[in-house]
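Before any comments, here is the structure.
The values are calculated or read from the model by the stated rules, or taken from the named source; none is laboratory data. Predicted model only: the values in this text are computed from it and were never measured. In this analysis, Cβ positions are derived from the backbone assuming ideal geometry, glycine residues included, and neighbour counts consider all displayed protein chains. Surface accessibility is based on the protein's heavy atoms, side chains included, excluding ligands, DNA and RNA. Shrake-Rupley method; radii C 1.70, N 1.55, O 1.52, S 1.80 Å.
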Amino acid sequence: MTQELNEKTALVTGAAQGIGAAIAVALADAGANVILSDCKDTTGTLAAIHASSGTARAITCDVSDVSDVQALYQNISQTEGRLDFSINAAGILSESKIIDMDVDDFDRIIAVNLRGAFLIAQGAARMMQKVKQGRIILISSELAYLGRADFSAYCASKSGVVGLTRSLARELAPGILVNSVAPGPVDTPMLALENMSQEWIDRELDNPLGRVGKPSEIGAVIRFLCGPDAGFFTGQTLSPNGGAVMI
């Protein structure tokens, strides 16, 4: 497989597990030097990348915390001195009926999923504007389009990511490309089908392909968006979702 991202540097948040880990591995396989960021332990992702002779290091960061994000980008600026790709895959999910939801729970989901996307994109833009090029990719969700009962905060946060993507794409063009990816259900710890009722499993499988996605399939989409063939994409939301949403 070609290593089309040789000598490029990529930041991946939410890289400890699931989609974020798969993205980090995909970019490392493409030759990028990958900076892993998460609140959780990224040892497993680092080991997977190093086992394939990839290059990566880790920085702990809470994407919703301004000081953490500032320290993250200062570290990258001082160590790598450049940033070609910023991929924000950090996110949380919780289920609650609107009449029962605590406002603190709502605020936490918005803080991580939307405020975090903003802070990571802002830091990346500040680095990238110095060289007038780079690519910023945010992770949304099929639920930004579908909505789902009892997931109002999550759906709102991911809808916000789509709007943020479009605005930043216009603001930062032509040098910095901004896109998002809105996966359908993916086999990750966040989804955890084994912990769901049969009713929920049936709902997740209710798409034309009749299955959930693989994290590696999302990683492949991000690899494409970072690659040389995606130079005419900006302001777009790509939707690997098995046909659950057709736009």
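Within the stretch 65-93, the set of residues being over 30 Å from N6 (Cβ atoms), surrounded by 14 or more Cβ atoms within 10 Å (Cβ to Cβ) and not charged (D, E, K, R) comprises I92, L93.
Only one of R170, R135 is outside any loop (DSSP other than H, G, I, E, B), buried (at least 23 other Cβ atoms within 10 Å of the Cβ) and basic (K, R); which? Reasoning before the result, please.
On the way: R170 fails: buried (at least 23 other Cβ atoms within 10 Å of the Cβ).
The match here is R135.
One residue alone among T55, T42 is in contact with a strand residue (DSSP E or B) (Cβ under 6 Å, 6 or more places away or on another chain), surrounded by fewer than 14 Cβ atoms within 10 Å (Cβ to Cβ) and over 22 Å from V178 (Cα atoms), and that residue is T55. The single condition among (1) open to solvent by less than 60 Å² (accessible area, probe 1.4 Å); (2) more than 30 Å from N207 (Cβ to Cβ); (3) among the hydroxyl-bearing types (S, T, Y) that S141 does not satisfy is (2). Among the residues making up the stretch 175-210, those that are at pLDDT 90 or above and of a type in the set (S, T, N, Q) are N179, S180. Scanning the stretch 144-167 for residues that are open to solvent by 50 Å² or more (accessible area, probe 1.4 Å), outside any loop (DSSP other than H, G, I, E, B) and among the aliphatic types (A, V, I, L, M) yields one hit, L146. You will find that of G231, G242, G213, G235, the residue that is modelled with pLDDT of 95 or more and either more than 21 Å from G134 (Cβ to Cβ) or open to solvent by 40 Å² or more (accessible area, probe 1.4 Å) (or both) is G231 and no other.
Among what's in the stretch 94-115 and is of a type in the set (V, I, T) and surrounded by 15 or more Cβ atoms within 10 Å (Cβ to Cβ), pick the residue that is nearest to L11 (Cα to Cα). For the stretch 94-115, the residue satisfying everything is V112.
In this structure, is T13 in contact (Cβ under 8 Å) with a residue 40 or more places away in the chain and crowded, with 24+ Cβ neighbours inside 10 Å? Don't jump to the end; show me each part of the working.
Values: in contact (Cβ under 8 Å) with a residue 40 or more places away in the chain: yes; crowded, with 24+ Cβ neighbours inside 10 Å: yes.
Here the answer is yes, as T13 does meet what is asked.
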